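Handing you a structure now.
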Amino acid sequence: MTAMIMASTALALAAALTACTSRDNTPKWRVEVVATRPHDTRAFTEGLEVDGSVLYESTGLPGHSYVSATDLTTGVETARAELPEPLFGEGITRAGDLLWQLTYKDGIAFARDPATRTEIRTARFDGEGWGLCTRADRVLMSNGSSTLTFRDPRTFAVTGAIALTSHKNAKLNELDCAPDGSVYANSWPGDTILRINPDTGEVLASIDASGLLPDHARTPDTDVLNGIAHLPGTDRFLLTGKKWPTSYEVRFVPA
């Protein structure tokens, strides 16, 4: 009987230790809205990036995919490049003198002139394309898994990869390489943004953006949160979603 009690106690202790070690201790943050901007409800947003005073946005869906440039101050669109059907546009990033644009399942990345959005060349890649951002001398790409792939900013060739050390079920979508060295990633299909150390794969914070778009502003066409871009010279980020009527300037603060 004593042996049975000791065995039961050991099992209970092991279960408790497992629960403790598996508990998510990731710091929890939330969004604090500072300002709002109008957003085109026809835009199925897949990529968002701010470069100086220019806001780049890429959209998805066959026949509705494009990359646009908008004056961040005035909100006036200054250029647009359409993707022909059946291509499905995905993430974008400015990498030096190139603007890279992904496609979803087509295996094609477009290198464009940032000023005119004119296609310069294309590159092939394996698997799905979701999000892009640029950090120093490498482009980071997501594919809907919990792994980030590193690519050469000129050739788009794979140079490495890093898997998240936690949040193994995350489906990393749109990316932003922030000035603090971390990567902010929309986690599809919910309202969570993960702050990631791209050198180690550690998740530094989990940011709750639920409730950002109120229920009364939603329509049957409204889709998920997707689109994150740091606003240069500030502590703010621009967030929006697929077919959302509003973009939000926010700060990330402890929950």
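Pull up all non-local amide H partners of Ala79: gap of 5 or more, or a different chain, and H-to-H distance under 5 Å with H placed in the peptide plane.
Ala69
Follow-up. Rounded to the nearest 10 degrees, what's the angle between the helix 2-22 long axis and the longest principal axis of the chain, both from Cα atoms, 0 to 90?
Value to nearest ten degrees: 20.
Place +1 on the Cβ of every Lys and Arg and -1 on the Cβ of every Asp and Glu in the chain, take the dipole about the Cα centre, and give the residue among Leu231, Tyr248, Tyr184 whose Cα lies farthest towards its positive end.
The residue sitting farthest along the positive end of the dipole is Tyr184.
Another question, then. At a threshold of 8 angstrom on Cα-Cα distance, excluding pairs fewer than six apart, so keeping six or more, what relative contact order does the stretch 126-252 reach in percent?
Rounded, it is 15 percent for the stretch 126-252.
Tell me which of Ser166, Ser145, Leu132 sits at the most positive position along the dipole axis of the chain, charges placed on C-beta atoms (Lys, Arg +1; Asp, Glu -1).
Positive-most Cα among the choices belongs to Ser166.
Given Cα pairs under 8 Å that are at least 6 residues apart, what percent is the relative contact order of the chain?
Details: 653 pairs, mean separation 50.6, N = 255.
Rounded, it is 20 percent for the chain.
Return the sequence-ordered ³J(HN,Hα) values of the stretch 207-219 in whole Hz as given by the Karplus equation 6.51 cos²θ - 1.76 cosθ + 1.60 applied to θ = phi - 60°, using x for Gly and Pro.
Per-residue couplings from phi come out as 10, 8, 10, 5, x, 4, 9, x, 4, 5, 8, 8, 10 Hz.
Based on DSSP H runs of at least 4 residues, each adding -39500 (n - 2.57), what is the mean residue ellipticity at 222 nm of the chain after dividing by all its residues, to the nearest 500 deg cm²/dmol? Can you show the working numbers first?
Working: 1 runs with 21 residues, N = 255.
Calculated mean residue ellipticity at 222 nm is -3000 deg cm²/dmol.
Could you identify which residue out of Asp71, Asp176, Asp126 has the top mean-square fluctuation in a GNM of the chain using Cα springs shorter than 10 Å?
Checking each option, the largest mean-square fluctuation is seen for Asp126.
Just give me a number: lysine pairs in the chain, eight or more positions apart or cross-chain, with C-alpha atoms less than 19 Å apart. Provide the component values of the computation, followed by the final result.
On the way: Lys28/Lys168; Lys28/Lys171; Lys105/Lys171; Lys105/Lys242; Lys171/Lys242.
Lysine pairs, 8 or more places apart or on different chains, close enough: 5.
Restricting to the chain, what percent of DSSP beta bridges are antiparallel, rounded to 5? It would help to have the intermediate numbers written out before the result.
Numbers: 72 of 75 bridges.
Around 95 percent antiparallel, to the nearest 5.
Using the Cα gyration tensor of the stretch 123-255, with a ≥ b ≥ c the square roots of its eigenvalues, what is the shape: rounded (a/c below 1.5), prolate (a/b larger than b/c) or oblate (neither)?
It comes out prolate by the Cα gyration axes.
Rounded to the nearest 20 debye, what is the charge dipole size of the stretch 24-254 about its Cα centre when +1 sits on each Lys and Arg Cβ and -1 on each Asp and Glu Cβ?
Details: 23 positive and 32 negative charges, 37 e Å.
Rounded to the nearest 20 debye, it is 180 debye.
Match the structure shown to one of the listed values (i) 208; (ii) 157; (iii) 178 of volume of the Cα convex hull per residue in Å³, computed from it, and give that label.
Here volume of the Cα convex hull per residue in Å³ agrees with entry (ii).
None of the figures in this text is laboratory data; all of them are computed from the coordinates on show. All figures in this text were calculated on a predicted structure; none of them were measured in a lab. Because the Cβ atoms are built from the backbone with ideal geometry, glycine has one as well, and the counts that use them run over all protein chains shown.
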